[in-house]
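Here you go, one structure.
The values are calculated or read from the model by the stated rules, or taken from the named source; none is laboratory data. Since the model is a prediction, treat every value here as computed from it, not as a measurement. A quick note on method: Cβ atoms are made from the backbone with ideal geometry, for glycine too, and the neighbour counts reach across all protein chains shown. The accessibility values were calculated without ligands, DNA or RNA, using every heavy atom of the protein model including side chains. Shrake-Rupley method; radii C 1.70, N 1.55, O 1.52, S 1.80 Å.
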Amino acid sequence: MSEPAVLDTVGQTNPRGQRILIVDDEAGIRDSLDTLLTLEGFQVDTAVDGRQGLDQVTRTAYDLMLLDLALPGESGIDLLPRIKSLVPDMPVILITAYGTVGNVVDAIRAGASNFVQKPWDNEKLLADIRSAIGKNKAEQEVVQLKRTLKQRVSFENIVGKSEPMLQLFDLVAQVAPSRSTVLIQGESGTGKELIAKAIHQHSPRRDKPFIPVNTGAVPSELLESTLFGHERGAFTSAVAAKKGLFEVADGGTLFLDEIGTMQMDMQAKILRVLQDKRFMHVGGTSEIQVDVRIVAATNVNLEQAVKDGRFREDLFYRLNVISLQLPPLRNRKGDIPLLAHHYLKYYAEENGFTELELSSEALRVMMDYDWPGNVRELENAMERGVVLASGPAITPELLPSQIRGNTYSTNLLEQRPDASLFDVIEDIERRIIADRLERCNWNQTEAAEFFRVPLSTLNQKIKRLNIEVKKRGRE
């Protein structure tokens, strides 16, 4: 491991151990800069174009990038936003032979730290490099100090270092110690249950139960007794009294997942518990008081559900005391390499592989994909890649077809040119349903909502089309 850089004076750094990436298509420029910076004690890597540069910043941490403005294909200014989305804290100095005022303004707006014109003065260039690195390190130290002063906690099972996730971690650290109800909103697969667990684990209730319940997966006729318990004889199969999850979670946290799908009559009962902290068993006559913190989650737009009359307005405001919005993976693509390597390592160890890598081509494909299934879809892709891998690396061919950008081109007609129209339509329907089920982590309720059909209709199609339903993975 390289030694850390030493801050000599304000804005100046000792280059020992600092790494710089040079991105320029001219070999003479690359060699000249490489020699200059190496003699000054920097570690230097080079790239011949933007694509190679992007690939290298996903695999190596750099203290600074020197980026040519006039690269073949995508220009330096066009490339800057993509670089900043991957490594927002890395300073970038643009180098060009055409140093107009307009170029300078465009470069700064795009996120460049500075702008250097060819031919450059070596001493000035070195001073600009040291200043940019020193300023960036000072800013990062201030940010880290502020987070330390806020007693920012770490969340072991949540992977992310992008700015949206760091802001989310800070907010979780602030709300966790309170007693307030929390509403977690985000698309399916973004990790809402992990955030709920983090809130519980960093609260005074950490030694008490954390009880998760997927309210969308429990039939509505059973949900009331599941949550509130029942007395013996309350209904036909109630042969003995049973505690509900509110009682089991007493003193701790009850996580109500998919609350946006809850029926209106159950919403009224949840509202009463939130207001009074009291409830009765199904079939009971005495009130039970509990001390439970509610953390709810949904992938439904509850404000719109209220307007549509599908969700109680009073319950929405009771739940929405503190709202946490989880960003979809497409809005934090800088975390994709980190997440991919995290799950690759996890599933490699689980399956007995000691050495397994993610190829740069596979990572590039993953960076270009929008991940509608979010982190859960990425995790499933890594597990699939590990299981199917026959060599030392996960290559694009081991990724699911939708990530590689394939469509339903490999169809029945290619295998059976004499297939009937009915068979072809049935084959396409089978592929579409299986693909959506995989994207939904085999959650049939969620898939049915996507297709806007009753769950019973989807189940009939799954049976008729002989679709193998796999076991659901983790959120």
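I need a count of the residues in the range 113-143 that are without any contact (Cβ under 8 Å) to a residue 24 or more places away in the chain, part of a helix (DSSP H, G or I) and not acidic (D, E).
4
Also: Take P212 and decide whether it is at pLDDT 90 or above and more than 15 Å from A296 (Cβ to Cβ).
Numbers: at pLDDT 90 or above: yes; more than 15 Å from A296 (Cβ to Cβ): no.
No, not satisfied.
Return the residues of the range 326-372 that are over 18 Å from I403 (Cα atoms), assigned to a helix (DSSP H, G or I) and of a type in the set (F, W, Y); say none if nothing qualifies.
Matches in the range 326-372: Y346, Y347.
Just to check your reading of the model, which residue among G283, G252 is of a type in the set (G, A, S), surrounded by fewer than 22 Cβ atoms within 10 Å (Cβ to Cβ) and closer than 19 Å to V213 by Cβ? Before you say what the answer is, go through the steps one by one.
Numbers: G283 fails: closer than 19 Å to V213 by Cβ.
Answer to the check: G252.
Being open to solvent by 20 Å² or more (accessible area, probe 1.4 Å), at pLDDT 90 or above and over 30 Å from E303 (Cα atoms) narrows it down to one residue among N351, N380; which is it? Please lay out each step first, then the result.
Working: N351 fails: at pLDDT 90 or above.
The conditions single out N380.
Checking F210 against (1) within 20 Å of I158 (Cβ to Cβ); (2) free of Cβ contacts under 8 Å to residues at least 40 places away in the same chain, which single condition isn't satisfied?
Only one criterion is unmet by F210, namely (2).
I've got another one for you. When the range 381-398 is examined, which residues are found to be touching a Pro at 6+ places or on another chain (Cβ under 9 Å) and under 15 Å from L338 (Cα atoms)?
Scanning the range 381-398 gives a single hit, A381.
Yes/no matrix, rows are residues, columns are (1) in contact with a Leu (Cβ under 7 Å, 6 or more places away or on another chain); (2) within 19 Å of L166 (Cβ to Cβ); (3) open to solvent by less than 10 Å² (accessible area, probe 1.4 Å):
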site: L64; (1), (2), (3): no, no, yes
site: E74; (1), (2), (3): no, no, no
site: D78; (1), (2), (3): no, no, no
site: P81; (1), (2), (3): no, no, no
site: K84; (1), (2), (3): no, yes, no
site: P91; (1), (2), (3): yes, yes, yes
site: L94; (1), (2), (3): yes, no, yes
site: A97; (1), (2), (3): no, no, no
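Show the residue pairs that are 6+ apart or on different chains and have beta-carbon atoms under 8 Å apart, the first residue being within the range 174-197 and over 21 Å from N380 (Cα atoms) and of a type in the set (F, W, Y), the second being part of a helix (DSSP H, G or I) and modelled with pLDDT of 95 or more.
none
So how many residues does the range 203-214 have that are open to solvent by less than 50 Å² (accessible area, probe 1.4 Å), within 17 Å of T181 (Cα to Cα) and of a type outside the set (F, W, Y)?
As a first pass, look at the range 203-214 and keep what is open to solvent by less than 50 Å² (accessible area, probe 1.4 Å): 203, 205, 209-211, 213-214.
Then drop every residue that is not within 17 Å of T181 (Cα to Cα), which leaves 203, 205, 209-211, 213.
After this cut, where a residue has to be of a type outside the set (F, W, Y) as well, the list is 203, 205, 209, 211, 213.
Number of matching residues: 5.
So, of the residues in the range 299-330 that are among the aromatic types (F, W, Y) and touching a Leu at 6+ places or on another chain (Cβ under 6 Å), which turns out to be surrounded by the fewest Cβ atoms within 10 Å (Cβ to Cβ)? Let's see the steps before the verdict.
Of all residues in the range 299-330, those among the aromatic types (F, W, Y) come to 311, 316-317.
Right, trim to touching a Leu at 6+ places or on another chain (Cβ under 6 Å) and you get 311, 316.
On the way: F311: 23, F316: 18.
So the residue we want is F316.
I'd like to know if the range 111-133 contains one or more residues that are in contact with a helix residue (DSSP H, G or I) (Cβ under 9 Å, 6 or more places away or on another chain), under 17 Å from G50 (Cβ atoms) and not basic (K, R).
Yes: one or more hits.
Could you say whether any residue in the range 152-169 is modelled with pLDDT of 90 or more, out of contact with any Pro (no Cβ under 9 Å at 6 or more places or on another chain) and either of a type in the set (F, W, Y) or open to solvent by less than 70 Å² (accessible area, probe 1.4 Å) (or both)?
Checking the range 152-169: at least one residue is modelled with pLDDT of 90 or more, out of contact with any Pro (no Cβ under 9 Å at 6 or more places or on another chain) and either of a type in the set (F, W, Y) or open to solvent by less than 70 Å² (accessible area, probe 1.4 Å) (or both).
Evaluate the following for R278: is it touching an Asp or Glu at 6+ places or on another chain (Cβ under 8 Å), free of Cβ contacts under 8 Å to residues at least 40 places away in the same chain and surrounded by fewer than 21 Cβ atoms within 10 Å (Cβ to Cβ)?
Working: touching an Asp or Glu at 6+ places or on another chain (Cβ under 8 Å): yes; free of Cβ contacts under 8 Å to residues at least 40 places away in the same chain: yes; surrounded by fewer than 21 Cβ atoms within 10 Å (Cβ to Cβ): yes.
Yes, satisfied.
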